[in-house]
1. May I ask you to list pairs of residues, at least six apart or on different chains, whose Cβ atoms are under 8 Å apart, with the first in the range 89-112 being basic (K, R) and the second being surrounded by 10 or more Cβ atoms within 10 Å (Cβ to Cβ)?
2. Can you tell me how many residues in the range 31-73 are within 14 Å of the chain's Cα centre (by Cα) and either assigned to a strand (DSSP E or B) or within 12 Å of L14 (Cβ to Cβ) (or both)?
3. Just for the range 1-29: of the residues that are in contact (Cβ under 8 Å) with a residue 40 or more places away in the chain and part of a strand (DSSP E or B), which one is farthest from F70 (Cα to Cα)?
4. So G60 clears everything in (1) surrounded by 11 or more Cβ atoms within 10 Å (Cβ to Cβ); (2) at negative phi except one condition, right? Which one?
Amino acid sequence: MNTLKNKVQLIGNLGNAPEIKTLESGSKLARLSVATHETYKNAKGEKVTETQWHNVIAWGKTAEIVEKYFIKGQEVLIEGKLINRNYTDKEGKKRYITEVEANDLMILSNSR
């Protein structure tokens, strides 16, 4: 049951080409922007689609897979965990970020 405590699963589309960074150690970091869509009817009976954007990161071998195969517009399945971090910006204001750290990936389609 421990593996179910912090688990995220998203199916969505890549909003941009992944950003890949090679660290001093030689390990890779991939940053992805994934859009998920929810469609429903509002009180007037009109169809409404809401889009949520999710920041996703992947490390090491997972990042290498992203670099090699993932392109903008693909429908993908991402499985991982939520990571919260904070930093202080140039103006001295504390900023908070929530990301999904991917540990499993799957391409569902090559484009929208």
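1. R112/N13; R112/G73; R112/E75
2. 21
3. Going through the range 1-29, the residues in contact (Cβ under 8 Å) with a residue 40 or more places away in the chain turn out to be 6-18, 20.
Within this subset, residues satisfying the condition of being part of a strand (DSSP E or B) are 8-14, 20.
Details: V8: 19, Q9: 17, L10: 15, I11: 14, G12: 13, N13: 10, L14: 8, I20: 11 Å.
Checked the range 1-29; the qualifying residue farthest from F70 (Cα to Cα) is V8.
4. Unmet condition: (2).
No lab work stands behind these numbers, since they all come straight from the coordinates. Because the structure is predicted, anything quoted here is derived from the model rather than measured. For neighbour counting, all protein chains shown are included, and Cβ atoms are generated from backbone atoms with ideal geometry for every residue, glycine included.
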